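Read the structure below first, then the notes.
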Amino acid sequence: MNPVMEIIAQVKSLNIQMERHGDKLRLITPAGYSPPDELVAKLKSHKQELLNYLAAQENITQKEYENPAPEKPQ
């Protein structure tokens, strides 16, 4: 699994939502919860890739977002 998909899986497992606002990445967390520092570091280091992923997801259904197609071998 590539790093972006690993981050997305981790974010989902923590019940965090990510939103793209232009060139900013917004996290929506459960009340009183702060994401682990390790996750925050990953989000920062892969910010542009995550923004690109979220932008692409805006053109698909919620079902497709929740169950992404497996990656194709290169």
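The values are calculated or read from the model by the stated rules, or taken from the named source; none is laboratory data. Note that the structure is a prediction, hence the values are computed from the model and not measured. We work out accessible area using only protein heavy atoms, side chains counted, and drop any ligands, DNA or RNA first. Shrake-Rupley method; radii C 1.70, N 1.55, O 1.52, S 1.80 Å.
Could you tell me whether the stretch 1-63 comes out rounded, prolate or oblate from its Cα gyration tensor? Rule is a ≥ b ≥ c as square roots of the eigenvalues, rounded for a/c under 1.5, then prolate if a/b exceeds b/c, otherwise oblate.
Details: a/c = 1.44, a/b = 1.28, b/c = 1.12.
Rounded shape, in that the Cα axes give a/c under 1.5.
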Of I16, I28, ordered by accessible area with the largest first and a 1.4 Å probe, the sequence is I28, I16
What accessible area per residue comes out for the stretch 1-55, rounded to a whole number of Å², with a 1.4 Å probe? 64
